[in-house]
1. Packing-wise, with mean Cβ within 10 Å as the measure, how do 35-48, 55-68 rank, highest first?
2. For the pair residue 39 and residue 134, how long in nm is the line joining their label points, each one 7 Å along Cα→Cβ?
3. Sort the following peptides by mean Cβ neighbour count (other Cβ atoms within 10 Å, averaged over residues), highest first: 216-225, 83-92, 130-139.
4. With a 1.4 Å probe and all protein chains in place, put 127, 152 in order of accessible area, largest first.
Amino acid sequence: MRGWWREISGLVLPVSCGGCGRQRTELCEACGAQVYGGVPRRVRPSPEPPGLPVVHAAAGYEDAVRAVLLAHKERGVLGLARPLGTALAGAVRAGAGRAQDGRPLLLVPVPSARRAVAARGHDPARRIALAAAAHLRRTGVPVTVTAVLRQRRAVADQSGLTAAERRANLAGALDVAAGGGRLLAAGRVVLVDDLLTTGATLAEAARALDMALEGAGAGTTVRHAAVVAASPLAFDAACPVAREINRNWN
């Protein structure tokens with residue numbers, strides 16, 4: 001009901017850019033360019049948690065990108081899922097490329113906690129994954145969203161935790177729904193989320209998926225992950241001079 005009201009209210013209430021607040025547009029051209037107009041790159045948090053797949057991100061988590069992600073996740077501006085999905089699709093393509101041997105890409109979103117979904121009225125990562133899949137299909141990439149990850153126990157709020165504390169907080173927190181391993185074996189798995197900070201969440205998700213794939217006799221592991229944005233340090237780690245170039249250009 002809450003999500004339905006947000007969808008309807010967006011049609012009748014004044015809108016402003018989720019990135020800069022400019023009136024009469026949900027996302028202005030300049031902020032859109034920051035969200036999905038750049039070149040996705042591989043990102044590496046430091047320290048890099050064991051078991052982290054190769055991760056690509058569309059942008060750094062700052063300025064308009066941060067504002068847009070928060071508007072979508074916390075304020076329920078659901079129309080922003082489409083540009084965020086475009087950004088995520090670029091990161092997926094940069095890492096996993098196109099499906100091989102006729103096997104589709106399987107986008108597996110990292111699930112939000114049930115209490116967070118209840119409070120927000122939607123699951124941000126899943127909504128963005130669906131938008132990314134739609135974008136990829138329009139460009140000829142066979143892809144589907146396979147939402148098989150589940151939280152098997154409650155975890156503490158990650159805010160303020162160190163990288164080591166996040167890994168401990170998330171250890172064993174995720175598993176795969178019954179029968180999920182067989183679904184995962186049908187394609188190439190790409191873990192997806194809206195944001196990477198320390199990488200602990202993606203590493204735990206990859207562990208759970210690897211166990212399910214092993215149980216299904218797939219004999220493979222999760223090699224790729226994609227996010228809309230990564231922390232500035234992780235994003236710049238792949239191209240240390242990029243920030244200085246941008247500063248000089250601006």
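1. 55-68, 35-48
2. According to this spin-label approximation, the distance is 3.0 nm.
3. Per-residue mean Cβ counts within 10 Å order the peptides as 83-92, 130-139, 216-225.
4. 152, 127
The values are calculated or read from the model by the stated rules, or taken from the named source; none is laboratory data. From a predicted model like this one, the values you see are computed outputs, not experimental measurements. Neighbour counts are summed over all protein chains in view; Cβ atoms, including those assigned to glycine, are modelled from backbone coordinates with ideal geometry. Accessible surface is based on the protein model in full, side chains and every heavy atom, while ligands, DNA and RNA are left aside. Shrake-Rupley method; radii C 1.70, N 1.55, O 1.52, S 1.80 Å.
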